[in-house]
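Notes for the one structure printed next.
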There are 2 protein chains.
Amino acid sequence: MFLPAIWLPIGQRRPSPLTQATENRYNRSLGEIATYELESTMEHNLPHTISLLTRTPAALDALLRDLPETWTFQNEGEKTWSPFDVVGHLIHGERTDWMPRLRMVLQFGETQAFAPFDRWGHVRETQGKSLGQLLDEFARLRSENLSELRALGLRQEDLARRGRHPALGIVTLSELLATWAVHDLTHLHQVARVMAHQYRETVGPWNRYLGVLQCTGHSSPS
Amino acid sequence: MFLPAIWLPIGQRRPSPLTQATENRYNRSLGEIATYELESTMEHNLPHTISLLTRTPAALDALLRDLPETWTFQNEGEKTWSPFDVVGHLIHGERTDWMPRLRMVLQFGETQAFAPFDRWGHVRETQGKSLGQLLDEFARLRSENLSELRALGLRQEDLARRGRHPALGIVTLSELLATWAVHDLTHLHQVARVMAHQYRETVGPWNRYLGVLQCTGHSSPS
């Protein structure tokens, strides 16, 4: 169950003498998940978003580097992506999507639409490169982008600033930054699914128990 | 497109002077994905399975350690799991599922069914522990289990040995080992989805573009 965050203003947060961790477990044990969600997703927490964005390159590196190519170069069929392609796509996003769009919002607001994102732009990014090189490049670009983001010193009120997406219309900085993080997760989710696909017959009768093999939630880029 | 691996016997593999990497890219560029899949998923490659199993603890560690609890302690609603729960579940599998079942196959074959797996066994595993402790414990147990697996020196013909699953009936060692790896992926896939869920409103109109937010492929344990 998910309740819109806006229903409980900051001033109505329940004060608690417990640590966050203890409170989480307490709430969970009482089945008060919905209440807890209501409080914690109330407003976009930029440091939390940055924490996640910081970790994605290392997580993909730990998962993919030097893995046999059975896992990293195969996809789910025609016009689908391998984990190698996904890392290329993430690199392309670092170069052309997130920070360029953030700068557009700060500079032009709603008056100028973002450039459309090229969902096949990774083909250019990956040509002649190894997966190890791509993982290095993604880590470097992400680190540079997060340094730039931190240096901007965005305040909570800045997150409400508005820009214009070429297809979606008006969007906020908060939505852009949250999407950057969830975009990482959508591709981590995709990488796990693509790799699992390679063994969908190999697991035999267990295939019906493995959620990843039932997933049809194909990722679309932002 | 996925063709059953068995359709092309080993002897009919196309000899190739190219390195695997070059061949992969060549095949991909010609749209010969199906052919390549056909060849490479033909038989269970145990070293490839072990390569993946080796990496999961480090990948989850890189993603989750010291991340704000907004990401790691929240779930998708009642009776669903947080990333913290998932790591507990993976620990429980290391203790009671994979290697114990493998030993059962080697010792009893089809004559004795595996003990059913307790899908809420992680509640006991996680009590009073921090996520950091769970990540350490998962890494240690996985490492010990893979050492034991390597020490068994299983040959290709051993992978055809048969055991009895309490619900699925006859299964092979090959299927058990492949399932161990895909089970890691199903839970990585789940962790990405559960984390993304926390921002499903925060991303605003982008939610329709983010595949992970459309996923309904809930994981079931083995």
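The values are calculated or read from the model by the stated rules, or taken from the named source; none is laboratory data. These numbers come from a predicted model, not from an experiment. Note that each Cβ is placed from the backbone with ideal geometry, even for glycine, and that neighbours are counted across all protein chains shown.
Details
- Filtered residue count, region A:188-198, keeping only those that are touching a Pro at 6+ places or on another chain (Cβ under 9 Å) and either within 7 Å of chain B (Cβ to nearest Cβ) or not β-branched (Val, Ile, Thr) (or both): 2
- Any hit, region A:79-89, residues being of a type outside the set (D, E, K, R), more than 25 Å from A:LEU46 (Cβ to Cβ) and without any contact (Cβ under 8 Å) to a residue 12 or more places away in the chain: no
- Check on B:GLU144, exposed (fewer than 13 other Cβ atoms within 10 Å of the Cβ) and away from chain A (no Cβ under 13 Å): yes
- Residue selection: B:GLY132 satisfies the criterion of being surrounded by fewer than 14 Cβ atoms within 10 Å (Cβ to Cβ) and within 30 Å of A:VAL194 (Cβ to Cβ).
- Which numbered condition B:GLU137 misses (of (1) away from every other protein chain (no Cβ under 12 Å); (2) closer than 30 Å to B:GLU43 by Cα; (3) surrounded by 15 or more Cβ atoms within 10 Å (Cβ to Cβ)): (2)
- Evaluation of B:GLY88 against (1) touching a helix residue (DSSP H, G or I) at 6+ places or on another chain (Cβ under 8 Å); (2) not in a helix (DSSP H, G or I) (one fails), failing number: (2)
- Hey, B:VAL203 more than 7 Å from chain A (Cβ to nearest Cβ), surrounded by 19 or more Cβ atoms within 10 Å (Cβ to Cβ) and farther than 19 Å from B:PHE117 by Cα or not: no
Results for (1) more than 20 Å from B:ASP61 (Cβ to Cβ); (2) of a type outside the set (Ser, Thr, Tyr); (3) at pLDDT 95 or above, shown as yes or no for each residue.
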site: A:MET42; (1), (2), (3): yes, yes, no
site: A:ARG55; (1), (2), (3): no, yes, yes
site: A:LEU64; (1), (2), (3): no, yes, yes
site: A:GLY88; (1), (2), (3): yes, yes, yes
site: A:ILE91; (1), (2), (3): yes, yes, yes
site: A:GLU94; (1), (2), (3): yes, yes, yes
site: A:TRP98; (1), (2), (3): yes, yes, yes
site: A:PHE108; (1), (2), (3): yes, yes, yes
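- Filter pass, B:LEU177 being farther than 26 Å from B:PRO57 by Cβ and either facing chain A (nearest Cβ under 7 Å) or buried (at least 19 other Cβ atoms within 10 Å of the Cβ) (or both): no
- Hits in region A:87-135 - residues which are out of contact with any Lys or Arg (no Cβ under 7 Å at 6 or more places or on another chain) and of a type in the set (Phe, Trp, Tyr): A:TRP98, A:PHE108, A:PHE117, A:TRP120
- Within region A:50-75, tally of residues that are within 7 Å of another protein chain (Cβ to nearest Cβ) and of a type outside the set (Asp, Glu): 14
- B:ARG95 part of a helix (DSSP H, G or I) and without any contact (Cβ under 8 Å) to a residue 12 or more places away in the chain: no
- Taking the criterion of being of a type in the set (Ser, Thr, Tyr) and more than 24 Å from A:PRO47 (Cα to Cα), the residues of region B:53-78 that qualify are B:THR54, B:THR56.
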